[in-house]
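Taking it in order: structure first as structure tokens, then the write-up.
Values quoted throughout were computed directly from the atomic coordinates according to the rules given, and no laboratory measurement underlies them. In this text, all values refer to a predicted model and were calculated from it rather than measured experimentally. Cβ coordinates were reconstructed from backbone atoms using ideal geometry, including for glycine residues, and neighbour counts include every protein chain displayed.
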Amino acid sequence: MSERTALTELANFVGRSELSSEDMSVRNRALRGITQRMLPRKRSVGDLLGVVLTLSARTRRMVQEPVAIDLDVFAPGGARAIRLSIGQR
């Protein structure tokens with residue numbers, strides 16, 4: 001796509017947002033929907049439990065020793081085909 005074509009498309013762009021509507025009831029409904037999504041909603045006990053369990057798991061992982069994995073794969077002839085080391089040494 002040439003730069004000129006992109007500029008032509010941009011010049012011909014027509015916004016179709018409900019916020020650009022001339023009808024105030026449509027605009028107010030769109031704004032109400034946006035603000036309702038932004039307002040904090042009440043959290044259920046399940047939501048709070050999920051947050052606690054997530055933080056607990058993260059804390060446990062931070063406290064544990066780092067894990068190192070060494071994997072050697074040998075070819076049928078006995079020679080090493082792959083040596084893979086994951087983690088700190």
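Some values worked out for this structure:
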read-out	value
So residue 47, is it under 25 Å from the mean Cα position of the chain (by Cα) and either among the charged types (D, E, K, R) or at positive phi (or both)	yes
Filtered residues of region 9-43 (kept if acidic (Asp, Glu) and either loosely packed, with under 11 Cβ neighbours inside 10 Å or in contact (Cβ under 8 Å) with a residue 24 or more places away in the chain (or both))	9, 22, 23
Helices (runs of 4 or more DSSP H) within the chain that include 3 or more residues of a type in the set (S, T, N, Q) and out of contact with any helix residue (DSSP H, G or I) (no Cβ under 9 Å at 6 or more places or on another chain)	24-38, 45-63
Test: residue in region 62-70 that is out of contact with any Asp or Glu (no Cβ under 6 Å at 6 or more places or on another chain), surrounded by 10 or more Cβ atoms within 10 Å (Cβ to Cβ) and closer than 30 Å to residue 86 by Cβ	yes
